[in-house]
Structures are given as structure tokens and as C-alpha cells.
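Asks: Supplied in C-alpha cells, the structure appears directly below.
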Amino acid sequence: MNMNTQNQNGYMLLFRGNDWTKSLSPEEKQKVTDQWMAWFKRLTDDGKAIAGNPLERESKIVSGKNRVVSDGPFAESKEAIGGYFLLDVASFDDAVAIARECPGLPHGVQVEVRPVAGECPIASELKHEAQFAHA
Amino acid sequence: MLLYRSDEWYNRLSQEELQKLINQNKAWFERLTGQGKAKPGRALERTGVTVSGKNGRFVMDGPFAESKEAIGGYLTLDVETIEEAIAIAQSSPGLAYGGSIEVRPMADECPLDVRARELAREEQLVNA
């Protein structure tokens, strides 16, 4: 993917991994927590982070025509999302540079970096189709 | 928080179906915001990278747009119980076409802090 992409709508960091703290001692855990909070505070003070939240482990999935409710994704999943930051930075490069500062990375956390869409991708799809139809 | 997970199922809909769904979605969201139950959500582009490893040395493309698990956007709800959040997720117009919605309580406090406190307390008990 082109790293020089600009996006005026900002970027989202999704923190993936839920079981990485198991191997840490209480002191190590406290240290990572303090680093993480200081990191978020610095980004907020710099005006680069506009929102962020951890998510509780409790989780339900709603799916299908019948709107079935089931448990999951499980807290043990390496892919499970533990929290997010919403970044107000202009380029993909800046967002990835910030992701690389994540204090959880040495312990196995993965950070997904995603451009925020200006409009719903479903609506853009529709416009695209309409263009083709009139061409 | 509602996390929308799906592949690009909307590419399989006709223009009429899409327009109908967009209108339903808009009405659904306006009703929720009108009731003070939802804050503005965001859609995410179907591109991105995943950073991992010490000092973030691995930068890989993905998650892939074709994945049914990929997150397409989110909505923040201001409701008191997970039951109410689930009920709202169930009323989402897009569910009939595919994909799923993950419902997650937002934490007041980082789970790392909570776990560190628990461990410290256990240690105190052992030493007492």
C-alpha cells in the first residue's frame, strides 16, 4: 500500500491481541500501562489523537438475517481488539510512525492502521456504479 | 461500541437494493442520534496495514478486504446495558445482507491497570 497517501479524515489504530499480558509480572504490566497512558497523553496534547478507549473483554456478536446473538470473539484470540485510537494526522506515514511507538509491540500487540472514510464505502460504491451506468 | 465486521457484501447488491439500504441506514442512525443513544460513527477505508514486532519493525498489508472478519466501521452507543446495545445492533438494517456486528462495552479503565491491581492484591495476600 502507498505510504504517502494523504487522508483528511484521519486514521484509526486498532490494538489487537488480548493474551499478551499473561506473561508479564505486575511491575512489567504497570510499566507498560504507564507508558501507554503517557503515550496517549502526549498524542492528545500534540493534537494528534482525538479519541481513544480501551474495550472490556466482554463481547457479543450479532449476525445474520435472524439476528442471532453469540459470544465472541474470545478474549484469548490473538486477533481480538482491545482498544483503539482515532488520530488526526494527515498522512498514512504519520499514522504508521505513531503505531510503531505503541508500548505493547514488544510484548506481541499488533496495531492495525486504517484510513477513516469520508463517506460510507457503500455510498461511494453506489456513486461509482451510477457513473458507469451513465457512461 | 458496535464494530461492523464484514467482507464487501454490498458489491453483490443491485443499485436499487443499495439505495434502499442506505436510506434505511440513514433513518436508523438518525432515530438513534435523535434519542441520544448513538454518537457519530466512522466508516473505515478497506485498506490499511498491520504493525507488529518489537519497535514496530513489521509493517504488513492487511487486513484484506475480502475477509469476513475485517472491520468496516464503528458506532459508539450511549446506553446503560449490553442488552440494550445488543438490541440496537439487532435492529441494524445491513445485517440482513451479511456481515456481523461485534458489541463491546467501553472500559472506564484500562484492563491492564485492573489486572496489575489484582496481581498486587494477590501478592499482598500471599505475603500477609
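Asks: For segment A:41-51, give me the residue count where each residue is surrounded by fewer than 16 Cβ atoms within 10 Å (Cβ to Cβ) and in contact (Cβ under 8 Å) with a residue 24 or more places away in the chain.
Replies: 3
Asks: Can you find, within segment B:3-27, the residue that is farthest from B:Glu45 (Cα to Cα) among those that are without any contact (Cβ under 8 Å) to a residue 60 or more places away in the chain and assigned to a loop (DSSP other than H, G, I, E, B)?
Replies: It comes out as B:Ser14.
Asks: A further question follows. Mind listing whichever residues of segment A:36-59 are at pLDDT below 90 and among the basic types (Lys, Arg)?
Replies: Passing the criteria: only A:Arg57.
Every residue, every condition in (1) under 14 Å from the mean Cα position of the chain (by Cα); (2) assigned to a helix (DSSP H, G or I), yes or no:
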{"site": "B:Thr33", "(1), (2)": "no, yes"}
{"site": "B:Gly36", "(1), (2)": "no, no"}
{"site": "B:Ala43", "(1), (2)": "yes, no"}
{"site": "B:Thr47", "(1), (2)": "no, no"}
{"site": "B:Asn55", "(1), (2)": "no, yes"}
{"site": "B:Ser67", "(1), (2)": "no, no"}
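Asks: Looking at B:Glu109, B:Glu118, B:Glu84, which one is outside any strand (DSSP E or B) and either more than 9 Å from chain A (Cβ to nearest Cβ) or under 16 Å from A:Met12 (Cβ atoms) (or both)?
Replies: B:Glu84
Asks: Within 21 Å of A:Leu105 (Cα to Cα) and surrounded by 13 or more Cβ atoms within 10 Å (Cβ to Cβ), is that true of B:Thr76?
Replies: No; evaluated as a whole, the condition is false for this residue.
Asks: Restricting attention to segment B:42-72, which residues are in contact with a Ser or Thr (Cβ under 8 Å, 6 or more places away or on another chain) and among the basic types (Lys, Arg)?
Replies: Selection gives B:Lys68 alone.
Asks: OK, next. Which fully enclosed strands (runs of 3 or more DSSP E) of segment A:1-120 have 2 or more residues being closer than 22 Å to B:Leu75 by Cα and within 17 Å of the chain's Cα centre (by Cα)?
Replies: Ranges flagged: A:11-16, A:49-54, A:81-87, A:110-117.
The values are calculated or read from the model by the stated rules, or taken from the named source; none is laboratory data. Source: prediction; values computed, not measured. No Cβ is skipped: glycine too gets one built from the backbone with ideal geometry, and neighbour counts run over all protein chains shown.
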